[in-house]
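Trainee: Take a look at the following structure, please.
All of the numbers you see were taken from the coordinates with simple rules; none came from a lab. Please read all numbers here as calculations on a predicted model, not as lab measurements. Neighbour counts run over all protein chains shown; Cβ positions are idealised from the backbone, glycine included.
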Amino acid sequence: MKYGEKEIAEFDVEKDLEIWPNKYEREYLIKITLPEFSCLCPRSGYPDFATLYLEYIPNEWVVELKAIKLYINSFRNRYISHEASANEIYETLFEKLKPKYMKLTADFNPRGNVHTVIEINSEGIERK
């Protein structure tokens, strides 16, 4: 097993998702794009790919970038639906960071003529 595979396989979100104190009192928006998300369809086993867009206004904590990369990569061999993966990622980050605001958009690549976008927002969803 190569070192990157080992890091991903052994990643434990409870101890390895490193967060740092936010040093600033002012409000500011952090935007992180994660274009290489992958997981496995729980029904077929086919791979699913997505770009994740995370936005948050930190309160006391910010997430360390390598840690979030490893966390996101830990999904690549998991059998999990689009909805479950997006909600799990959102819930985990929201619980750990306790931000003033957070939005996660999971834009899954089309497969079988279906394109899925899942948006979760701490202020709720505006219905159009």
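Trainee: Output wanted: per-residue J couplings in Hz (rounded whole) for the stretch 28-34, from phi through Karplus 6.51 cos²θ - 1.76 cosθ + 1.60, θ = phi - 60°, x for Gly and Pro.
Mentor: Ordered by residue, 3J(HN,Hα) equals 8, 9, 9, 10, 10, 10, 10 Hz.
Trainee: Follow-up question, since we're still on this one. Between their Cα atoms, which of Lys66/Lys100; Lys23/Lys69; Lys2/Lys23; Lys2/Lys100; Lys6/Lys100 are more than 29 Å away from each other? Kindly include the intermediate steps, with their values, before the conclusion.
Mentor: On the way: Lys66/Lys100 22 Å; Lys23/Lys69 22 Å; Lys2/Lys23 36 Å; Lys2/Lys100 38 Å; Lys6/Lys100 34 Å.
Too far apart for the 29 Å limit: Lys2/Lys23; Lys2/Lys100; Lys6/Lys100.
Trainee: State the extension gain, in nm to one decimal, for the chain segment bounded by Tyr79 and Leu29, taking 0.36 nm per residue of separation less the distance between their alpha-carbons.
Mentor: On the way: separation 50, 0.36 × 50 = 18.00 nm, distance 3.20 nm.
Gain in length upon complete extension: 14.8 nm.
Trainee: At 20 °C and 1.002 mPa s, grab the translational diffusion coefficient of the chain from Stokes-Einstein with a Kirkwood Rh over Cα pairs, rounded to a whole number in µm² per second. Write down the numbers at each step before the final one.
Mentor: Values: Rh = 15.4 Å.
After rounding, the answer is 139 µm²/s.
Trainee: Going toward the positive end of the dipole of the chain, with +1 on Lys and Arg Cβ and -1 on Asp and Glu Cβ, which of Tyr24, Phe49, Val114 do you reach last?
Mentor: Most positive-ward Cα: Val114.
Trainee: What's the Cα-based Rg to Rh of the stretch 76-128, Rh via Kirkwood?
Mentor: Working: Rg = 12.5 Å, Rh = 12.4 Å.
Rg divided by Rh gives 1.01.
Trainee: Whole-Hz Karplus ³J(HN,Hα) for the stretch 86-103, in order, using 6.51 cos²θ - 1.76 cosθ + 1.60 and θ = phi - 60°, x for Gly and Pro?
Mentor: Whole-Hz 3J(HN,Hα) from phi for the stretch 86-103: 4, 5, 5, 4, 4, 4, 4, 5, 5, 5, 6, 8, 6, x, 6, 7, 8, 9.
Trainee: Looking only at Asp12, Asp48, Asp107, which one moves most when the chain is put into a Gaussian network model with springs between Cα atoms under 10 Å?
Mentor: Greatest mean-square fluctuation among the candidates belongs to Asp12.
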